[in-house]
Every structure is written in structure tokens, then in C-alpha cells.
Amino acid sequence: MRIEASAPGKLVLVGEYAVLEGAPALVLAVDRRAGVVLEECDGDACRIDAPDIGVVGARWELDADGCVRWDDLDGSEAEPLRLITTAMETLCAGKAPAPFHARLDTRAFFLDDTRQKLGLGSSAALTVALAAAVCAHQGREPPGAQQLIAMHRRFQDGRGSGVDVAASLRGGALAYRLHSSAPRIAPVAWPTSLHWCCVWSGRPAQTAEMRARMAVWRARAPASYGLLLRDLRLCAEAATMAIEAGNAPALLETVALYADGLFKLGDASGVDIFSLEHRAIRACAAACGVTYKPCGAGGGDIGIALSSDPLRLREFRLRVAREGFREIGLQLDACGMIVSGDAFVPEPMLAGGARGAVDHGLQAGPLSHAGTVY
């Protein structure tokens, strides 16, 4: 038996920080995929190869309490495998699976030469792909969005909105909002008249550290935090309405306003959302008449530039290249989780009403799951 599964990364267009306060977020799935190849193997233990974090042939089993135990690895050595530990304990639910060998591939989420992480949601994409592969191996439906988000949040020590998991699961452009019962996820159409490209800031973001600093400032200045987050929430609401209406000029305007709001939030809090690198790229964008904002927590990672004029965007690309910044080639990925192989897969895993098995390369497209409100 051989199962292959993959899931795309993400770019947050609007909603950073504010999505945790109930605002909508707009997120794009992008064509950098995490992949899992899973095959049956002999022996009593399952094996994991994750060469991108320097792990080859790591063996694990479930103990009597349903906890993953890594053979010949102490706590510090098993720490890089914490995502796999969390996923396996959740998916297996105390029942040891038939032994398998899984190879994990997240190369697409790193720069080829420097091996720096791009900040495109590799852990969320790997969570979705791994869950799809393991559940296909077990002959059952994978978890829905709510369960996958909870699994990923457990890995993140309770943090995160789940917008990255939603993008990896569904693909395409999405409007996402937290809700008390289940996350609300709806596909939206990207305006064909709006063009975009992405630029690498030159360094990875320290997202956990930035979130911690923002939490400290929020506790110290709740009124200021509330006012700034209210403005971001209003921008995010307007951006969502604009894309749902297919109004590209209004979407471009609201993205620019959201970038201004992030700039003010960073200045007020002392959190380096618009780092020196992002400020320099934004200056290039302003000189070319292009809108620019960091994607995600800011500070580093990737930013997105948008314009309805492809010639202006071309001028921006040339200018940032002269300034020493790198464009990262990304496109919208319309597919979310994809599963292929020779194992029986329950009907709900298949897209478009397909039935039976996922057979020798048949790829399931964007999925929907019971219990998830899209």
C-alpha cells in the first residue's frame, strides 16, 4: 500500500492580529506544498523520515496511555518531531496503527540556497497532509477543519487562529472567521484584474516572540489596543465585502488601509511588524504606485504587492531587485488537500462526487467535511 498526500501553504491578505478578535481574514492558498508518502512496513514500530529537520528513520510506538514514544530519542532529540507526535496521538486516539513508513517533504517552504524558512505555513500544510495520509491508510475519513485546527493549535501550545490550516485544507482564496461553534470558511473569487507578487524580506519572522510582545502591550494598554484593532477589524470587514462583490478597486484600497493599520499597531506596541526591510520594500511600492503589506505577523518573512496595473507591478519588481530583495514566485493554488494511492478511501474524502478508491493518481480536489461551515 502506498499513499501520497499534499497540502498547500498560505498567504494572509488581510486579518493579521484582528482575526483573533473576531474579524474576518482573507487568505490565499499558494503553490508551495507539503508532501507525505506513506507505505506499509514490516516490524512493530512506525518510522518517520523528515530530512528537512534532519530526521531519518525515527521509530515510534504508542504506549499504554496512547502517547507516542520515540525509540532511542530523548526529550530534546524528539522536540523537532513534536508536530508529528501531536498529530499521531490525536489521529490514533490510543489505538496503535498498522506499522507504516512515512516520508515528509517540506522543501518547498524553504529558500533553496540559504534554507531559510519563508513563512508560508509549513506546519499547517504538513498537519493537513499527514492527517490525510494516515487516515487514508486507516481507511477512514480525515478530520474536518475544526478538528485539524484544534490539532494544529495543540502543537502551537493553544495559539493560532487556524486560518493557515483552512487554506491548506480547502485551497484557493478564502474568507475565514472564527466562531464559537466552528470556523466559518467560504471560498471567494480572486478578481482577475488585480495582479500580485511576493517579496522575501531577507529574514524569517519570529512569530511566537512577536505575539508574546503584542500580548504584553495589550495588557498594558488595553484601550489603545482596542482602538487599533477596531480599525483593523473594520478594514478586514470592508475587504471581505469588496472581494465578495468582485470589486477590485475597493479590495485594493482596503488592503492599503489594512497595511496602514498594521503600521500604526506596530509603532504603538513596539512590535516590529513593519521591520526596516518591510519599510524599504514599502517605499519601493509607493514609488511605483503599488500597494504593499507584510503577510502574517510581520517583522520578516514575505510581503505581498498588489496593483491593477501590471506595468506598475513590473516596475516594482525591477526596483526591489535593484534594492537587493528577492521576489518569491508564488501563484494561487486552487486545490487544497490532495490524496492519491491504492488504498480504500471513504466517499466523503473524494471531490466532485467521486466514489470508491483513490486509484493510482486520481487526485481529490478541494474538500468539504461534515461539521464545517464554509
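Below are the figures for this structure:
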{"item": "The chain, relative contact order in percent, only Cα pairs under 8 angstrom and at least six apart counted", "result": "24 percent"}
{"item": "Tally of Lys pairs whose C-alpha atoms are under 20 Å apart, taken over the chain, 8 or more apart or cross-chain", "result": "4"}
{"item": "Largest-first ordering by accessible area, 1.4 Å probe, given options Lys117, Lys95, Lys293", "result": "Lys95, Lys117, Lys293"}
{"item": "Relative contact order [Cα under 8 Å, 6+ residues apart], the range 14-84, whole percent", "result": "15 percent"}
{"item": "Rounded if a/c under 1.5, otherwise prolate or oblate - the range 1-146, Cα gyration tensor axes", "result": "prolate"}
{"item": "With all protein chains modelled, accessible area of Trp196 [1.4 Å, Å²]", "result": "40 Å²"}
{"item": "Residue-normalised accessible area of the range 217-334, given per residue in Å² at a 1.4 Å probe", "result": "46 Å²"}
{"item": "Accessible area of the chain belonging to carbon and sulfur atoms, whole % at 1.4 Å probe", "result": "51 percent"}
{"item": "Under the span-like rule (Cα at least 30 Å along the axis, Kyte-Doolittle mean at least 0.0), DSSP H helices of the chain", "result": "222-244, 248-269"}
{"item": "Anisotropy class of the range 37-123 from Cα gyration tensor, a/c 1.5 cut", "result": "prolate"}
{"item": "Accessible surface ranking that places the most exposed of Asp260, Asp333, Asp113 first, with a 1.4 angstrom probe", "result": "Asp113, Asp260, Asp333"}
{"item": "Virtual spin-label span in nm between Cys67 and Ala212, 7 Å along Cα→Cβ", "result": "2.4 nm"}
{"item": "Anisotropy class of the chain from Cα gyration tensor, a/c 1.5 cut", "result": "prolate"}
{"item": "Net dipole in debye of the chain [+1 Lys, Arg Cβ; -1 Asp, Glu Cβ; about Cα centre; nearest 20]", "result": "1300 debye"}
{"item": "Accessible solvent surface per residue of the range 18-70, calculated while the other protein chains remain in place, 1.4 angstrom probe, Å²", "result": "42 Å²"}
{"item": "Computed helical MRE - 222 nm, the chain, DSSP H runs ≥ 4 contributing -39500 (n - 2.57), nearest 500", "result": "-11500 deg cm²/dmol"}
{"item": "Euclidean distance of C-alpha centroids, the range 178-233 and the range 1-76, integer Å", "result": "24 Å"}
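The values are calculated or read from the model by the stated rules, or taken from the named source; none is laboratory data. Quick caveat, the model's predicted, so the values are computed rather than measured. Don't worry about glycine lacking a Cβ; one is built from the backbone with ideal geometry, like all the others, and counts go over all protein chains shown. Quick note on the areas: whole protein, heavy atoms, side chains included, nothing else; ligands and nucleic acids left out. Shrake-Rupley method; radii C 1.70, N 1.55, O 1.52, S 1.80 Å.
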